[in-house]
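A.B. asks: One structure, as structure tokens, below. Some questions next.
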Amino acid sequence: MSIFDDILSDSEEGLLQRFYKFKSTPNTPASSISDIAKSLTLRKEQLICALGFNPDARLLIEILPTFGYATFNELDQERNEIFISDIYKKIPLDNIEKIYERIKSNQNMLEAMQYLLKSRLEKVESEIETTVNSMIIEKYKSEMRAVYSLGIASIDFTEARLDKRDSGFRALLNEVTMIVENKLMPVGEIFFRDTILPQEKQKLLNKGLIPKELVQLRLNESDINPQEKKVLNDYLRTNKD
């Protein structure tokens, strides 16, 4: 495990043992959080997020002054700003994925993450639109797989993603398939939505996730999109058995 992972997963006792040596005394001047991070071969931003997303760190009020914070609210605010704004630079993808894994079973942390997630993804997607950077795109895909597979995505988050019309990012991610495979929503409920692109439904069909009965029911609707109608008819024609 990396130092980041260790701090993120440390128990209350482990954190106390790790950081007690940095505590200031009358004979020892206080270290800055940047100095502490450097001594641990971490970026300051990594240390803030590792501490800030470790639920057990909330029990150690006495170590907060060591890092220059008077309250956990101050730490949380800085943690949130970093998490939302950084795009795989100071907090790399593997750190992000470890954070999701760490907080998934802690209700308070999970609710905080669900609040932050929308703003973070808007930032990442804006960067992709501006730069079309293939490395960022691949990391974004990996992050979203973690969001769904680890149970970070809430129903409200999922609904908001599905309600977007002509969502190029959703199609890029094959996000609808992720939602179905992780059982966040019944496939029939998704399949009958007009906001889901024909090519997204095509991917669900190709994976065998849509019963033929649902395909026929969808075709019976009078206002179906012509492109979607073609996709569904082609599917039935090539899958007669």
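A.B. asks: Could you list, in sequence order, all residues of segment 198-230 that are under 15 Å from Thr177 (Cβ atoms) and hydrophobic (A, V, I, L, M, F, W, C)?
C.D. replies: Leu204, Leu205, Leu209, Ile210
A.B. asks: Out of the residues in segment 26-68 meeting the condition of being among the polar types (S, T, N, Q) and assigned to a helix (DSSP H, G or I), tell me which one is modelled with the lowest pLDDT. So that I can check it myself, show each step before the final result.
C.D. replies: If we filter segment 26-68 for residues that are among the polar types (S, T, N, Q), which is where we start, we get 27-28, 31-32, 34, 39, 41, 46, 54, 66.
If we keep only those that are assigned to a helix (DSSP H, G or I) too, we end up with 34, 39, 46, 66.
On the way: Ser34: 89, Ser39: 91, Gln46: 97, Thr66: 82.
So the residue we want is Thr66.
A.B. asks: Show the residue pairs meeting these rules: Cβ distance below 8 Å; 6+ apart or different chains; first residue within segment 62-76 and surrounded by 13 or more Cβ atoms within 10 Å (Cβ to Cβ); second residue hydroxyl-bearing (Ser, Thr, Tyr) and in a helix (DSSP H, G or I).
C.D. replies: Sorted first by the residue in segment 62-76, then by its partner, the pairs are Ile63/Tyr20.
A.B. asks: Now for a different question. Could you please find all residues in segment 200-211 being surrounded by 12 or more Cβ atoms within 10 Å (Cβ to Cβ) and either out of contact with any helix residue (DSSP H, G or I) (no Cβ under 7 Å at 6 or more places or on another chain) or of a type in the set (A, V, I, L, M) (or both)?
C.D. replies: Those that are surrounded by 12 or more Cβ atoms within 10 Å (Cβ to Cβ) and either out of contact with any helix residue (DSSP H, G or I) (no Cβ under 7 Å at 6 or more places or on another chain) or of a type in the set (A, V, I, L, M) (or both): Leu204, Leu205, Leu209, Ile210, Pro211.
A.B. asks: Related question: Can we say Ile152 is in contact with a Phe, Trp or Tyr (Cβ under 8 Å, 6 or more places away or on another chain), surrounded by 15 or more Cβ atoms within 10 Å (Cβ to Cβ) and over 26 Å from Ser9 (Cα atoms)?
C.D. replies: Against the criterion (in contact with a Phe, Trp or Tyr (Cβ under 8 Å, 6 or more places away or on another chain), surrounded by 15 or more Cβ atoms within 10 Å (Cβ to Cβ) and over 26 Å from Ser9 (Cα atoms)), Ile152 does not qualify.
A.B. asks: Mind checking which residues of segment 186-241 are under 19 Å from Arg170 (Cα atoms), part of a helix (DSSP H, G or I) and of a type outside the set (A, V, I, L, M, F, W, C)?
C.D. replies: Listed by number, the residues that qualify are Gly188, Glu189, Pro198, Gln199, Glu200, Lys201, Gln202, Lys203, Asn206, Gln227, Glu228.
A.B. asks: Quick one: how many residues across segment 154-211 are aliphatic (A, V, I, L, M) and more than 23 Å from Asn239 (Cα to Cα)? First the steps, then the outcome.
C.D. replies: Start the filter on segment 154-211 by keeping residues that are aliphatic (A, V, I, L, M), which leaves 155, 160, 162, 171-173, 176, 178-180, 184-185, 187, 190, 196-197, 204-205, 209-210.
Adding the requirement that they be more than 23 Å from Asn239 (Cα to Cα) leaves 155, 160, 162, 171-173, 178-179, 184-185.
Adding up the residues that qualify gives 10.
A.B. asks: Can you tell me which residue among Gly151, Gly168 is of a type outside the set (D, E, K, R) and touching a residue at least 24 places away in the same chain (Cβ under 8 Å)? If you could, list the steps in order and put the result at the bottom.
C.D. replies: Numbers: Gly168 fails: touching a residue at least 24 places away in the same chain (Cβ under 8 Å).
From the options Gly151, Gly168, the qualifying one is Gly151.
A.B. asks: When you scan segment 143-174, how many residues do you find that are over 17 Å from Glu97 (Cβ atoms), acidic (Asp, Glu) and in a helix (DSSP H, G or I)?
C.D. replies: As a first pass, look at segment 143-174 and keep what is over 17 Å from Glu97 (Cβ atoms): 154-172, 174.
Going one step further and asking which of them are acidic (Asp, Glu), we end up with 156, 159, 163, 166.
Subset that is in a helix (DSSP H, G or I): 156, 159, 163.
Total meeting the criteria: 3.
A.B. asks: Moving on. Which condition number does Arg165 fail, the rest of (1) loosely packed, with under 15 Cβ neighbours inside 10 Å; (2) farther than 21 Å from Leu121 by Cα; (3) not aromatic (Phe, Trp, Tyr) being met?
C.D. replies: Of (1) loosely packed, with under 15 Cβ neighbours inside 10 Å; (2) farther than 21 Å from Leu121 by Cα; (3) not aromatic (Phe, Trp, Tyr), only one is false for Arg165: (2).
The values are calculated or read from the model by the stated rules, or taken from the named source; none is laboratory data. Just so we're clear, the structure is a prediction, and the values are computed from it rather than from any experiment. Reconstructed Cβ throughout: ideal geometry from the backbone, glycine too, with neighbour counts over all protein chains shown.
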